[in-house]
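One structure is given here, and the rest of the page talks about it.
What follows is calculated from the coordinates using simple rules that are stated; it is not laboratory data. Everything numeric in this text was worked out from a predicted model, so none of it was measured. Don't worry about glycine lacking a Cβ; one is built from the backbone with ideal geometry, like all the others, and counts go over all protein chains shown.
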Amino acid sequence: MIQWSKVWSDLFIILALTSNIGFLVSKDPYQLVIAIGVNLIATVLKFNIKKFLAAELLATAFISDLHLIPAAILYFSGSTSSLVTGLAVGAAVANMLSVILIIIDIIMSYGQQEDI
């Protein structure tokens, strides 16, 4: 049986990573705004996650948000591109950790199902 809450949360977690990387490649301000929006949606969805590593997933969401929001403020205030890129890379690393944690959680849940 498909658990749609997991599908939606995992979708937005992976979409957060891809939209963040999209900004790193394009340096387009609209892409940065999209990345922030998707990251905030992923953060909200992580509040409802009932996974073994839920606290760690939420922490990575906060880290990503705390990198992307200042990056946008600096980008639109005309700050240096390297500082904005550095913050966006930090958010991408946090998003990669989220995806790795999801994979670990999937492996752990399959192990628990086999024990039953």
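Assorted remarks:
- Here the label points at Asp28 and Ser5, each 7 Å from Cα along the C-beta direction, are separated by 3.5 nm in the simple model.
- Cβ-based net charge around Ser64, under 15 Å, with every Lys or Arg adding one and every Asp or Glu removing one: -1
- For the chain, leaving out every one of the trypsin sites (Lys or Arg not before Pro) that falls in a DSSP loop and has at most 16 other Cβ atoms within 10 Å, the longest unbroken run is 51-116.
- Chymotrypsin sites (Phe, Trp or Tyr not before Pro) within region 1-97: DSSP coil, no more than 15 neighbouring Cβ in 10 Å: Phe47, Phe52
- Taking the convex hull of the alpha carbon positions in region 4-115 and averaging its projected area over all directions gives 6.5 nm².
- Secondary-structure-derived ellipticity at 222 nm for the chain, considering helices only, amounts to -30000 deg cm²/dmol, per-run term -39500 (n - 2.57) for DSSP H runs with n ≥ 4.
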